[in-house]
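Everything below concerns the one structure shown next.
The values are calculated or read from the model by the stated rules, or taken from the named source; none is laboratory data. Just so it is clear, the structure is predicted and the values come from calculations on it, not from any experiment. Here the Cβ positions follow ideal geometry from the backbone for every residue, glycine too, while neighbour counts run over all protein chains shown. Ligands, DNA and RNA are stripped out before the accessible areas are found, and what is left, the full protein with its side chains, is counted by its heavy atoms. Shrake-Rupley method; radii C 1.70, N 1.55, O 1.52, S 1.80 Å.
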Amino acid sequence: MSTGTQQQPVDLFVIGGGINGCGIARDAAGRGLSVALAEMNDLASATSSASTKLFHGGLRYLEYFEIRLVREALIERETLLRAMPHISWPMRFVLPFHRDMRFESTTPTSRLLSFVMPWMKGRRPAWLIRLGLFLYDHLGGRKILPATRTLDLRADPAGAPLQDRFEKAFEYSDCWVEDARLVVLNARDAEDRGARIMTRTRVVTAERSGDLWAVTMRHEATGETETVHARALVNAGGPWVEDIIRNTVRQNTTEGVRLVRGSHIVTRRLFNHDKCYFFQGEDGRIVFAIPYETDFTLIGTTDREHEGAPGEAECTPAERDYLLAFASHYLKRPVTADDIVWTYSGVRPLYDDGASSATAATRDYVLSLDSAPGAPLLNVFGGKITTYRRLAESALEKLGDRLPAVGRPWTAGVPLPGGDFPVDGFDDLVAGLARDFPFLDHRWARRLVRAYGTCARTMLGDARRIDDLGEAFGATLTEREVCWLMDTEYAVTAEDVVWRRSKLGLRLGADRIAAIDAFMAARAAGGKRDAAE
Ligand SMILES: Cc1cc2nc3c(=O)[nH]c(=O)nc-3n(C[C@H](O)[C@H](O)[C@H](O)COP(=O)(O)OP(=O)(O)OC[C@H]3O[C@@H](n4cnc5c(N)ncnc54)[C@H](O)[C@@H]3O)c2cc1C
């Protein structure tokens, strides 16, 4: 096993290739800083591929008076939508209302309500929900997203799958985002702007010596270690943030991370319209039911204290049953375990603010700059997918006077790779792709534009016939696309391709996935041989 040292120090070294690490790396590289990022597994292999996948203000957080977070996230939705109209799109959320619905009694809003209106006994009046939605509509300056309206569920198609006792609903706007693709596109853009992105590379130690960090990492594929010097270090380790402070940087800290697991179930499609449901429970939680990957429904999430290792989150039978019961409380046809085709689970790395319950713990981010003399260390706690760009700006602002000539904020308004088309231009892009590559059917063309936007053409290249795309692995995944993902999107295994760069794992059997793995391993080995010759 050999050890290498990069002689020239970089300005910024980022530990962690989730959304926060990749967002910071992109922003910093675009400001002219030299940047290196190490991710111990695949990009977005932890929390950032296990979210509910919403760019949202977080209607629920209004109950907790988290106005700063909600406002920042609401404003951010449209900025992000404009920068990535391929992987993000507007969605309408239907919130069914029934006058007998009861709510958790410990939120600040519930306590205020029980003080001024004690006769409500845990019920929530319609005007209060309408008021919350009015704030939601107006806190964040909407231009693209339509406003809230009231629905008559007896007449509206959104009422058909719901139990007859629901006659009224509110409908409001938020956005969908392909979370894992968001991470990869940030990494790719960072690299295009000069950053060095290393996947399957674990940071094992980081030592401060004067004005530099010596960061030692192990490349998992070869077992080789390498040391890079950096003027500043960012710990964006997500659920591992505290472990990195204590065991990698070896510092004492009073700050802690609270690991809160959230699980989702994916079922066969449960309803035939394109709106989502926002279901409210008596335990103060809410659960979404969202149209997913055309033929499926995504239901989640839970909120449980996570006791195990950060990388070992799984949807437990109890969480599965909780989600099934929650949705069945609203839907006419009960949802059962037989409807489930896939589950996934992730761990929220929340800042430990001492809140009593997992549901009440703050979702806001905390950037903590280590005050020791010498090269700076910035630890990232919490945060939402929705606020990653603003978090990156704040991180660079915090590090600003400790780094050489940091440029100005620039990421608002600059598209991610493939996102350089108008927000309402998706259908035109699909039509253009299907016209110029006539062997693609509509569904296939849509999938490619959703994944790659304007880069779908580059991926297809000079193909004139299906055969030009090489081996077909099933579900419209071809050799050409897999090679593109290996060459431009850091994919190494079939799992990277079918569960993070895409969700084709929902449609491909184990034998097909094994064939993709074999193909990728052979190609990687061939590439290494070519390089050696
Ligand atoms: C169930 C659930 C639902 C959610 N839904 C939403 C939502 O709908 N909208 C929203 O805005 N937000 C949502 N969130 C929040 C959002 O997903 C997280 O805040 C965000 O993904 C955290 O990103 P991160 O980069 O901090 O962490 P991560 O994505 O976990 O990234 C940290 C990375 O660091 C790497 N790492 C750790 N140690 C090392 C080391 N020593 N060397 C190298 N690499 C290392 C890990 O492998 C990991 O990939 C949700 C979260 C959960 C759990």
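Worth a mention:
- Hey, Met120 of a type outside the set (Phe, Trp, Tyr), more than 14 Å from the ligand (Cβ to nearest atom), touching a Leu at 6+ places or on another chain (Cβ under 7 Å) and modelled with pLDDT under 90 or not: yes
- Residue in segment 360-367 that is away from the ligand (no atom under 13 Å from the Cβ) and in contact (Cβ under 8 Å) with a residue 60 or more places away in the chain present: yes
- Among residues of segment 447-480 being of a type in the set (Asp, Glu) and in contact (Cβ under 8 Å) with a residue 24 or more places away in the chain, the one that is nearest to Tyr344 (Cα to Cα) is Glu479.
- Evaluating Ala29 against the criteria (1) in a helix (DSSP H, G or I); (2) modelled with pLDDT of 95 or more; (3) within 16 Å of the ligand (Cβ to nearest atom); (4) not hydroxyl-bearing (Ser, Thr, Tyr) leaves one unmet condition, (3).
- Among the residues listed as Arg231, Arg218, Arg250, the single one being basic (Lys, Arg), farther than 27 Å from Val406 by Cβ and not in a loop (DSSP other than H, G, I, E, B): Arg218
- Looking across Thr294, Thr302, one residue alone is within 21 Å of Glu178 (Cβ to Cβ) and in a loop (DSSP other than H, G, I, E, B). It is Thr294.
- Residue within segment 39-59 that is open to solvent by less than 40 Å² (accessible area, probe 1.4 Å), within 13 Å of the ligand (Cβ to nearest atom), part of a helix (DSSP H, G or I) and modelled with pLDDT under 90 present: yes
- Verdict on Thr294 being open to solvent by 20 Å² or more (accessible area, probe 1.4 Å), more than 16 Å from the ligand (Cβ to nearest atom) and at positive phi: yes
- Asn252, sole failed condition from (1) open to solvent by 20 Å² or more (accessible area, probe 1.4 Å); (2) within 12 Å of the ligand (Cβ to nearest atom): (2)
- Output for segment 381-397, where each listed residue is assigned to a helix (DSSP H, G or I), open to solvent by 10 Å² or more (accessible area, probe 1.4 Å) and within 16 Å of the ligand (Cβ to nearest atom): Ile385, Arg389, Arg390, Glu393, Ser394
- Any hit, segment 494-513, residues being surrounded by fewer than 16 Cβ atoms within 10 Å (Cβ to Cβ) and over 30 Å from Ile340 (Cα atoms): no
- Picking from residues in segment 69-97 that are farther than 29 Å from Tyr452 by Cα and within 15 Å of the ligand (Cβ to nearest atom), the one that is surrounded by the most Cβ atoms within 10 Å (Cβ to Cβ) is Val70.
- Number of residues in segment 186-212 that are within 14 Å of the ligand (Cβ to nearest atom) and either open to solvent by less than 50 Å² (accessible area, probe 1.4 Å) or at pLDDT below 95 (or both): the value is 11.
- Subset of segment 343-359 that is over 18 Å from the mean Cα position of the chain (by Cα), farther than 21 Å from Ile245 by Cβ and open to solvent by 30 Å² or more (accessible area, probe 1.4 Å) - its residue that is nearest to the ligand (Cβ to nearest atom): Ser357
- Among residues of segment 258-276 being more than 10 Å from the ligand (Cβ to nearest atom) and outside any loop (DSSP other than H, G, I, E, B), the one that is modelled with the lowest pLDDT is Arg258.
- Pairs with Cβ under 9 Å, 6+ apart, first in segment 317-343 and without any contact (Cβ under 8 Å) to a residue 12 or more places away in the chain, second open to solvent by less than 40 Å² (accessible area, probe 1.4 Å) and not in a helix (DSSP H, G or I): Ala318/Thr302; Ala325/Val335; Ser328/Val335
- Residues of segment 221-248 satisfying the condition of being within 10 Å of the ligand (Cβ to nearest atom) and touching a residue at least 60 places away in the same chain (Cβ under 8 Å): Asn235, Ala236, Gly237, Gly238, Pro239, Trp240, Val241, Asp243, Ile244, Thr248
- Candidates Leu429, Leu433, Leu378 - the one that is of a type outside the set (S, T, N, Q), modelled with pLDDT of 95 or more, more than 16 Å from the ligand (Cβ to nearest atom) and open to solvent by less than 10 Å² (accessible area, probe 1.4 Å): Leu433
- For segment 145-161, a residue qualifies if it is closer than 18 Å to Lys332 by Cα, touching a residue at least 24 places away in the same chain (Cβ under 8 Å) and either touching a Ser or Thr at 6+ places or on another chain (Cβ under 9 Å) or open to solvent by 30 Å² or more (accessible area, probe 1.4 Å) (or both), and the qualifying residues are Pro157, Ala160.
- Against the test of being more than 21 Å from Leu504 (Cα to Cα), open to solvent by 80 Å² or more (accessible area, probe 1.4 Å) and more than 16 Å from the ligand (Cβ to nearest atom), the options Asp401, Asp467 yield a single qualifying residue, Asp401.
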